[in-house]
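Below: one structure, written as structure tokens.
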Amino acid sequence: MQLRLRSEQAIQRHIDLNKSTLRTSADDIITIPVVVHVIYDREDNKIGGAGNPNITDEQIRNQIDVLNEDYGNTSGYKGFYTDSLGVDTGIRFKLVTVVRERTTKTQFNPLTDAATLAGISPAWFTNRYLNIWVCKLADRYLGTSQFPVVTEINDRTNGLSVSEDEEVDALTDGVIIDFRYFGRNSDAITSAVYNLGRTTTHEVGHWLGLIHIWGDTFCGTDYCEDTPVAYTKNETTDVSCTPVFSQCRGSNSRNMIENYMDYSPDACMSVFTDDQKARMQAIMQLSPRRAKLVEYSKLTDQNVKVEIYPNPVHEFLTADVYTPSYEPFTVSVLNDKGQKVLEDRVNRTYVDVKNFPGGLYFYKITTGGQTITKKFVVR
Ligand SMILES: [Zn+2]
């Protein structure tokens, strides 16, 4: 909670100092590469059909379409209200790959099983990709996401936090969505309320640092001035989107139930506001993992790039790896005698060195056509 509060203060300071540029910087479109992990339990490996978490590529592609329409404020795909405050956030999404993994576990709890899911299907490098795990969640959960902290496992960042969970956070960073609410127009989708793929729009909003518009408390704040203060969430099955009003701080106003960061039925949602856009843009500059993702998303370089830190290291070694065209890479860690000290891993970049004897090591990245080796010292 303290980390969250400290992050919030840093976000507010950054927005105050950069408000005008944060709003216009979105002329520069940021495209976020997405990896979808499909986790299912059917032994016959059948793809698609009602009740089957092993969803079709089509369902995955149309979820990416929904994200692009919603974050782009695309006309023709609006929800019930056509609120004039709706903006193009300047953020787009590109599907890089779909990873399918079968497991014996039939359902997951999004609050406690993030590491389990990442164990079944490891995240692709979270400094470069938005990872989405699609699976069957325990009833009443639609999805969840990891909120970006502004101080993380990165000694280049001021205010290094000391939480025990930080390596885990880096390995589980992403969004978890129940397969019945993912995408639209699919046999797998059974809800009459959350059926247009906006659960993922909402959860990705959290992943980019947005807060529920009612501020998670009676007349609370989401730190965005252009989303009216509301008593509470609009959790309803009313798909006719009847207006709802609140009287907070002495003024009566209509709740912005069309905002993606409410709990409204998918058909009622159509808006991210200017202040929400500024907040997401600020997060993408402040959060080390999001900032690195944005930096890499703009590169067209054909050479592999590798940076490792801290060096010397005594706990966790972090690597930032850029490969052209989202090519997967293999990581090998060798000692000074050239012996492998860890099993090779694909697209994994954090190394726990706490049990390594002190000395010189080599961190080797291999892609289809290139190999780069960096030295590091464990103390
Ligand atoms: Zn939420």
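The values are calculated or read from the model by the stated rules, or taken from the named source; none is laboratory data. In this text the structure is predicted, and so the values were computed from the model without any measurement. Note: ideal-geometry Cβ built from the backbone for every residue, glycine included; neighbour counts use all protein chains shown. Heavy atoms of the whole protein, side chains included, go into the accessibility calculation; ligands, DNA and RNA do not. Shrake-Rupley method; radii C 1.70, N 1.55, O 1.52, S 1.80 Å.
For the reader, a short list of remarks on this structure follows.
- On the beta carbon distance between Thr74 and Lys354, with R0 = 35 Å, the FRET formula returns roughly 0.15.
- Extension gain for the segment Ala138 to Asp16, taken as residue separation times 0.36 nm less the Cα-Cα distance, is 39.9 nm to one decimal.
- Cβ-derived FRET efficiency at R0 30 Å, Ser84 paired with Thr116, nearest 0.05: 0.10
- Computed over the Cα atoms of segment 301-378, pair by distinct pair, the Kirkwood hydrodynamic radius stands at 12.6 angstrom.
- Taking amide H atoms as placed 1.01 Å from N in the peptide plane, the amide H of Leu137 lies under 5 Å from those of Phe108, Phe179, each 5 or more residues away in sequence or on another chain.
- Taking label positions 7 Å along the Cα-Cβ direction at both Ser253 and Asp57, the computed distance is 4.6 nm, reported to one decimal.
- Placing dummy labels 7 Å off each Cα toward the beta-carbon, the span from Arg184 to Gln285 is 3.3 nm.
- Cysteines in the chain that, by Cβ-Cβ distance, have no pairing candidate under 4.7 Å: Cys135, Cys224
- The chain - mean residue ellipticity at 222 nm from DSSP helices (-39,500 (n - 2.57) per run, n ≥ 4, rounded to 500): -7000 deg cm²/dmol
- Rounded to whole Hz, the Karplus (6.51, -1.76, 1.60) HN-Hα couplings of segment 367-379, x for glycine and proline: 10, x, x, 9, 10, 10, 10, 10, 8, 8, 10, 9, 10
- Within the same chain, lysines fewer than 8 places from Lys94 are excluded, and of the rest, those with a Cα less than 27 Å from its Cα are Lys46, Lys78, Lys136, Lys277, Lys292, Lys298, Lys305.
- Potential lengthening between Asp336 and Ser240 on full extension [0.36 nm per residue; Cα-Cα distance subtracted]: 27.8 nm
- Amide H contacts under 5 Å for Arg92, placed H, 5+ residues apart: Ile30, Thr31, Ile32
- In units of the rule-of-thumb radius 2.2 N^0.38 Å, the chain shows an alpha carbon radius of gyration of 1.02.
- When nucleic acids and ligands are ignored and a 1.4 Å probe is applied, Val98 ends up with an accessible area of around 40 Å².
- Across Arg180, Arg13, Arg249, mean-square fluctuation computed from a Gaussian network of the chain (C-alpha pairs under 10 Å connected) peaks at Arg249.
- Peptides 128-139, 286-297, 256-267 ranked from most to least packed by the mean count of surrounding Cβ atoms within 10 Å: 256-267, 128-139, 286-297.
- Candidate cross-link partners of Lys337 among the lysines, defined by an alpha-carbon separation under 22 Å and a same-chain spacing of 8 or more, comprise Lys354, Lys364, Lys374, Lys375.
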